[in-house]
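Student: The structure's right below; bear with me while I get my questions together.
Only the coordinates and a few stated rules stand behind these numbers; no lab work does. What you see is a predicted model, and the numbers here were worked out from it, not measured in a lab. Heads up, the Cβs are rebuilt from the backbone with ideal geometry, glycines too, and the neighbour counts pull from every protein chain shown.
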Amino acid sequence: MNRRQRVSLSLLGSSRAQLHTTVGNPAVGVLRVPGSLQGIRPFAVTFVARIVGPSRVRITRTVIISIRSNRVSLVGPGARSRWAYVLQATNARAKPSAHAQIVGPVATATPDGVPNLVRVLVQAQRRGATWVRVALTSIPNGRQGWVRRSTLATYHSVETRLVIDTERLMLTLYRSGKPVFHAQVGVGRGRWPTPHGSFYIRERLTDFHDSFYGPIAFGTSARSPTLTDWPGGGVVGIHGTNEPHLIPGRISHGCVRLRNADILQLARLLPLGTPLVIR
């Protein structure tokens with residue numbers, strides 16, 4: 001084109017991507033793509049170049065863009081969440097690097113001797129190695145760390161979410177965002193509170209010799225902030241009871257108790273790896 005002509009750029013049609021341009025010869029544009037579009041699939045972008053001035057010359061070009069990210073979220077889309085069994089005991093690190101600070105252990109078995117699983121959150125590539133950010137189960141609650149992908153088994157997915165409201169003394173199970181079960185619960189007393197935060201269902205236990213726990217129990221990734229010297233480090237469980245008349249109430253050392261009929265019904269609906277919110 002003529003050296004005196006100046007050109008502007010624009011995007012054709014509506015798009016979540018944004019084009020920031022500078023008129024010139026050549027015109028310069030920076031395309032910004034939201035994270036929700038990255039690493040999913042290629043998408044088409046149509047650019048329009050116009051000569052500034054009375055001329056109506058317009059040039060349209062469509063390009064296919066595929067943005068690759070070294071980090072991919074393992075949470076979603078929608079209500080989907082993922083988890084994996086631990087194949088090899090390891091230490092989780094603060095960053096996806098073998099030289100990063102150790103933030104906590106990741107074992108192959110729970111304190112009850114059941115195969116351990118972790119909720120997986122993000123997968124990343126670094127210097128040819130694949131790393132996964134996982135939710136940790138050690139005190140303090142809510143920590144995360146990176147482990148090598150090779151230490152974990154196949155990913156499994158769930159679309160359930162369990163919410164325990166310690167104010168209303170109510171448990172609700174959601175599937176694909178819709179409530180499918182609810183029940184009254186007993187929670188921790190004032191000096192032994194049920195911890196708040198984001199956790200997950202880690203194990204399922206049956207065949208108790210003590211009716212105190214009812215017919216079935218679920219171990220969670222939550223730990224009691226006050227009973228850390230208990231066997232297993234004060235793991236917070238969800239289980240039945242031999243004292244149903246105390247529910248609802250603040251009756252436990254931090255565990256969540258349900259009437260036996262309720263825990264049996266919940267057990268038919270609640271898969272391992274389900275995210276758990278205690279509030």
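Student: In terms of the Cα gyration tensor, with a ≥ b ≥ c the square roots of its eigenvalues, is the range 159-278 rounded because a/c is under 1.5, prolate because a/b exceeds b/c, or oblate?
Tutor: The shape class here is rounded.
Student: Please list, in order along the range 208-219, the HN-Hα scalar couplings obtained from phi with the Karplus expression 6.51 cos²θ - 1.76 cosθ + 1.60 (θ = phi - 60°), rounded to whole Hz, x for Gly and Pro.
Tutor: Along the range 208-219, the couplings run 6, 8, 10, 5, 4, 8, x, x, 7, 9, 10, x Hz.
Student: Starting with the highest mean, order 104-116, 261-273 by the number of other Cβ atoms within 10 Å, averaged over the residues of each peptide. Spell out each step's value before the answer.
Tutor: Values: 104-116: 15.2, 261-273: 17.1.
Descending packing order for the listed peptides: 261-273, 104-116.
Student: Still on this structure: State, in angstrom, two size descriptors of the range 73-157 derived from its alpha carbons: Rg to one decimal place and Dmax to the nearest whole number.
Tutor: Expressed in Å, the Cα Rg and Dmax of the range 73-157 come to 12.2, 37.
Student: For the range 73-157, what is the charge dipole size about the Cα centre, in debye to the nearest 20, if Lys and Arg each add +1 at the Cβ and Asp and Glu each add -1 at the Cβ? Don't skip to the end; give the middle numbers.
Tutor: On the way: 11 positive and 1 negative charges, 79 e Å.
Magnitude of the dipole: close to 380 debye.
Student: Under 14 Å from the Cβ of Ile102, count the other residues' Cβ atoms, weight Lys and Arg +1, Asp and Glu -1, and hand me the total.
Tutor: Result for the neighbourhood of Ile102: +4.
Student: How about the range 102-179: which trypsin sites (Lys or Arg not before Pro) there lie in a loop by DSSP and see at most 10 other Cβ atoms within 10 Å?
Tutor: Arg127
Student: Here is a follow-up. Using the Karplus equation 6.51 cos²θ - 1.76 cosθ + 1.60 (θ = phi - 60°), what ³J(HN,Hα) coupling, rounded to whole Hz, does each residue of the range 247-256 give in order, writing x for Gly and Pro?
Tutor: 9, x, x, 9, 10, 10, 8, x, 6, 10
Student: Subtracting the Cα-Cα distance from 0.36 nm times the residue separation, let me have the gained length for Asn25 to Val52 in nm, one decimal. Present the calculation step by step, with values, prior to reporting the outcome.
Tutor: On the way: separation 27, 0.36 × 27 = 9.72 nm, distance 1.03 nm.
Extra length available between Asn25 and Val52 comes to 8.7 nm.
Student: Return the long-range amide H neighbours of Phe199 (sequence gap of 5 or more, or a different chain), with a cut-off of under 5 Å between placed amide H atoms.
Tutor: Under 5 Å from the amide H of Phe199: Leu276, Val277, Ile278.
Student: Just to confirm a number: summing +1 for Lys and Arg and -1 for Asp and Glu over residues other than Pro115 whose beta-carbon lies under 13 angstrom from that of Pro115, what do you get?
Tutor: Taking every Cβ under 13 Å from that of Pro115, the sum is 0.
Student: A further question on this structure: Using a simple charge model, +1 on the beta-carbon of Lys and Arg, -1 on the beta-carbon of Asp and Glu, nothing else, what dipole does the range 159-278 show about its Cα centre, in debye to the nearest 20?
Tutor: Using only the charged Cβ atoms, the result is roughly 260 debye.
Student: Only loop residues by DSSP count here, and only those with at most 11 other Cβ atoms within 10 Å; note down the trypsin sites (Lys or Arg not before Pro) in the range 60-114 that meet that.
Tutor: Here the trypsin sites (Lys or Arg not before Pro) that fit, given the DSSP loop and packing criteria, are Arg68.
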